């Protein structure tokens, strides 16, 4: 049996070691020795684009922001759903990941980073969306492990209340925010709803035929823009304060 072949390595901004391996036609990324991405498990990344861009079918000039390039699957699916006038901005924090897509990973999905509709922006997606107002029809986020950050603690500011409001401001009216996660998170769902979004949660397979699941949330101020199906989270009902019985003074 062939062993994994290390073909590239780099350091994330926080110093974590990222390594790219190849085994036959498959590629793997690890972070500090733990598996981070696997080219065989791409279905959930494709579903992120399918769910997050579904409402763009009638949009003539769609604008999409993708947070996290990964192995390029979400970008490829997004491009396939947009017309020739669509534009996609990809925010990627680790420059080496962009280079790996150009050098090694493009064969997986027809070299999406070379598409003329794509603008690559190096840096933190939080900084990018914080300087936007009503710019994007859809924002697709696949950063780390989802709300439970794996690479850097700084990603928590994307998934907190301030990050949610930044995404909301960066979306056009009735735009959609779609977020990928390895695990469910009721806390994040509730933050989205308290932030003014209608939300649906979708359990999607990691790969075709796999019993392993991932999760995608789609959120919009307009409930009719959300894809059909999925689960509809609810905010917990507020407990009613007990009625205090009035005490009448005793008769003397």
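The values are calculated or read from the model by the stated rules, or taken from the named source; none is laboratory data. Everything numeric in this text was worked out from a predicted model, so none of it was measured. Cβ sites come from the backbone with ideal geometry, for glycine too, and all protein chains shown count toward neighbours.
Numbers below:
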item: Any chance residue 98 is touching a strand residue (DSSP E or B) at 6+ places or on another chain (Cβ under 8 Å), modelled with pLDDT of 95 or more and closer than 30 Å to residue 223 by Cβ; result: no
item: Selection count, region 19-58, where residues are over 20 Å from the mean Cα position of the chain (by Cα) and surrounded by 16 or more Cβ atoms within 10 Å (Cβ to Cβ); result: 5
item: Filtered residues of region 112-132 (kept if at pLDDT below 95, part of a loop (DSSP other than H, G, I, E, B) and exposed (fewer than 13 other Cβ atoms within 10 Å of the Cβ)); result: 123, 131
item: Matching residues in region 1-53 - criterion: being out of contact with any strand residue (DSSP E or B) (no Cβ under 8 Å at 6 or more places or on another chain) and within 30 Å of residue 198 (Cα to Cα); result: 41, 42, 46, 50
item: Yes/no for residue 214 being in contact with a helix residue (DSSP H, G or I) (Cβ under 7 Å, 6 or more places away or on another chain), within 24 Å of residue 226 (Cβ to Cβ) and buried (at least 16 other Cβ atoms within 10 Å of the Cβ); result: yes
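Residues are listed down the side, and each one gets a yes or a no for (1) under 30 Å from residue 222 (Cβ atoms); (2) at pLDDT 95 or above:
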| position | (1), (2) |
| --- | --- |
| 3 | no, no |
| 17 | no, yes |
| 24 | no, no |
| 33 | no, no |
| 41 | no, no |
| 45 | yes, yes |
| 48 | yes, yes |
| 51 | yes, yes |
